[in-house]
Amino acid sequence: MKWLPPPLNFPTRLAAIHETANVVKRLDELSNLANANLSFLEIMQVDRVLSKTAHTNLSEYEDLRLAVLSSSTLDHALPPIRVAGLRRGLRIEIWASGFGQYRQELLEPTSELHLFRPHVVLLSLLAKDFIGAVPLTASPEQANVAVESTVQDLRSLWKRAQHELGATVIQQSFLMFDAPLFGALDSVIPGAPTRLVARLNAAVSECAYEEGVVWLDVVRASARDGLDVWFDSARWLQAKMEIAPQAAATYGELVARLIAAARGKSKKCLVLDLDNTLWGGVIGDDGVEGIVLGHGSAVGEAHLALQHYAKALRDRGIILAVCSKNDAAIAEAAFRDHPEMLLKYSDFAAFVANWNDKPTNLKVIAKQLNIGLDSLVFVDDNPTERAHVRSSLPMVAVPELPPDVAHYTRCLADAGYFEAVSFTAEDQLRAGQYSASKHRESLRAMADGIDGIDGFLKKLEMSVDYGPVSPLNMARVTQLINKTNQFNTTTLRLTEAEVAKLAHNPEAILLQFRLLDKFGDNGIVSVILATPEAKDMSVLNIANWVMSCRVFGRQLEYEALNILVEAARHRGLRILRASYTPTAKNTVIQDLFLKLGFSRDASLDGPRHASSDWSLMLDNYVPRQTWIARKGQAHDR
Amino acid sequence: MTDKDILETLSRILGILLGTESMALTLQTRRADVPGWDSFSYVSFIVGVESEFRITFRVADVESFETVGDIVQEIQSAKSW
């Protein structure tokens, strides 16, 4: 894991953590240690101290239960999973099934697995268990049947985990570690294990994506690092380890990465330095014609390759920003005037070039984009700048770039900061939305001068398209529920399976809102989950309400409430209840329900920032006039 | 490196794996003498020793080690300090 810097003063720091009593401080320090390229034994030590850290509920760290169901020995990979979780603010509690007991555990409703109530189930299975009986002489039809029946078998296991445990399922790809029989022909003969396993992986991964199952691709990782790193015959013979201990750290990282991605904790924004990162040389000294970029030189092509990669990330929904010590006008001119420049000034949602220190500028960027510092990845060739950012802002991910620019792109890719478990229409739109948001901001600046915020909102020509949560939007709705930290009333996190279950409940009202304006479609930006109270069916309870920070201050919360009230009245409901659960990140909505006209339940009176319960009498509610027109219809079942 | 140095490193590694801070292995120690030193942690121990000393044991060696002294001896012969 070369993108992580080597650990500094590991024994001293670990000993100091041992002496620290404060739980948050302990976890923060352990995360900092985990953000280094640790050896197998160092990971064990971090994990040991982690296990001795009190398990109190914290808003800074998300607790998560992971069940590992495997048909090989995986105990050595559990500490690396927990330590990699720390890198992403996750405290992962793991329960591991007995060797090869996965089927019984899933099928038996009173099994330990069911009692453990995992949020995530990881299936790490051996290919042999499924296709080991297929003869080498198998016909293409026999091979098809073997692959297809495995897919069906796995699908039924996944459904168990999804529906009965409400868990996110991670399916590990099948490693092929048998010695070749023919050679190249192994990839062609229908009954050859190599061919069968390759087909199995293709078929299972495709089905997994359809079923909302997360694919853990150890095959791809082993192709990256070499099979000998991932599979070691000695360990297989000694302890039936399919994943070799020397690959355990990477394995844990991959697992934690996917869990974090499913919980919306992947990074969102790539912040790039300019000189000697996006091009070779120093623009302030060398001038536009003097920098090294593009064809004709290996160095120039390497920098261009990084630009290509950044552009491709932008196209899949990653926000780009610049953070450079430079004269702003000179830096901007480089993007305008250099013929080989692939990235355009308009590709960046934030462009900060000045002489302030980088941590200060990264804070400005996060604020401008309205995202958390922990959503940023900062790429800089300068080791001093990297160290400065790491020590001042440990929540910002800073890859340890290799000395040779030739390997920058690969290093950034290997770090997997932007791991995703789905690719939605919203992701594809995001890049454009962020440049459009620059235009909105300039309109806002104009409007502020002329006719105030109302004028700005009017000029935006907004409309809302809304409706129930359905399979069509389930992936995005789940992503939004789990990714949103600021406008999030109760921080109830749900897996896609749990959202689907709720959507099937005829008593529940689930609404998703898409906001459009003259600059484009913002996509689905808000979700309300409401269920009637069990004790009093005339009361509707907002279990959670989330809204993307991109549309704050656009009156959508008022229009969404208007729509919810209509739907609730239509059902004959009388009272709307809501709660606000404070976290480190959602103070922006501490007055939300007050603003919306709810009254606070007196029994729980307390300061603004405390947990609070609210109610709204539907009979008395007067819809609030907004600048948002209605586009869709509430399809109330 | 002396046998004593190697013993200290081995004790540290096993201590980390078993969560025992004051592990003191001797040349005569057998696995059965150390509580919790089961076959899984034995393999982890071997993995730790191999990476610490940058050597590779043969599976035959790993199976034939009876005392910690046997491991020390194998490390000494694999390394020319």
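The values are calculated or read from the model by the stated rules, or taken from the named source; none is laboratory data. This is a predicted model, so every value here is computed, not measured. FYI the Cβ positions are ideal-geometry reconstructions off the backbone, even for glycines, and counts take in every protein chain you see. Note: accessible area is taken over every heavy atom of the protein model, side chains too, but ligands, DNA and RNA are not part of it. Shrake-Rupley method; radii C 1.70, N 1.55, O 1.52, S 1.80 Å.
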Rounded to whole Å and sorted largest first, list the principal axis extents of the Cα atoms in region B:3-78. 28, 24, 22
Tell me which residues come under 5 Å, amide H to amide H, from A:Ile509 once H is placed; ignore anything under 5 positions away on its chain. A:Ala530, A:Thr531
Quick check on packing: order A:264-276, A:350-362 by the mean number of other C-beta atoms within 10 Å, highest mean leading. A:264-276, A:350-362
Per residue, accessible area of chain A with a 1.4 Å probe, heavy atoms of protein chains only, in Å², comes to 42
Please compute the modelled spin-label separation between A:Leu237 and A:Arg103, points set 7 Å along Cα→Cβ, answer in nm with one decimal. 3.0
If packing is taken as the average count of other Cβ atoms within 10 Å, what order do A:119-130, A:374-385 fall into, highest mean first? A:119-130, A:374-385
Restricting things to alpha carbons, find the Rg to Rh ratio for region A:121-178 using the Kirkwood radius for Rh. 1.05
Taking 0.36 nm per intervening residue step and subtracting the Cα-Cα distance, what contour gain separates A:Asn144 from A:Asp228 on full extension? 27.3 nm
Could you tell me what percent of the DSSP beta bridges with both partners in the protein assembly as shown are antiparallel, to the nearest 5? 45
Between B:Met1 and A:Asp63, how high is the FRET efficiency from 1/(1 + (r/R0)^6) when r is the Cβ-Cβ distance and R₀ = 41 Å? Nearest 0.05. 0.40
So how long is each side of the protein assembly as shown along the principal axes, counting just the alpha-carbon atoms, biggest first, in Å? 85, 70, 62
Inter-chain shielding metric for A:45-55, i.e. average beta-carbon neighbours from other chains within 10 angstrom, reads 1
Hey, if you put +1 on the Cβ of every Lys and Arg and -1 on every Asp and Glu Cβ in region A:447-632, which of A:Gln625, A:Pro468, A:Met537 ends up farthest toward the positive end of that dipole? A:Pro468
At 7 Å along the Cα-to-beta-carbon direction for both A:Lys501 and A:Leu181, put a label point, then send me their distance in nm to one decimal. 4.4
Expressed in nanometres to one decimal, the distance between label points 7 Å along Cα→Cβ at A:Thr56 and B:Phe40 is 3.1
From the cross-link list A:Lys52/A:Lys159; A:Lys52/A:Lys311; A:Lys2/B:Lys79; A:Lys25/B:Lys4, which pairs have alpha carbons spaced over 32 Å apart? A:Lys52/A:Lys159; A:Lys52/A:Lys311; A:Lys25/B:Lys4
Mind grabbing the interface size between B and A? I mean buried accessible area, both sides, 1.4 Å probe, in Å² to the nearest hundred. 1300
Count, for each residue of A:33-43, the Cβ atoms from other chains sitting within 10 Å of its Cβ, then give me the mean as a whole number. 2
Scattering profile of region A:269-415 from the Debye formula, Cα beads only, expressed as log10 I(q)/I(0) at q = 0.09, 0.17, 0.18 Å⁻¹, is -0.24, -0.92, -1.05
What percentages make up the Cα-Cα pair-distance distribution of region A:62-262 when the bins are 10 Å wide from 0? 9, 35, 38, 16, 3, 0
Ignoring ligands, DNA and RNA, what percent of the accessible area of chain B is carbon or sulfur (1.4 Å)? 48
Report, by chain and number, residues whose modeled amide H sits under 5 Å from the one on A:Val121, excluding near sequence neighbours (fewer than 5 apart, same chain). A:Ala67, A:Thr168, A:Val169, A:Ile170
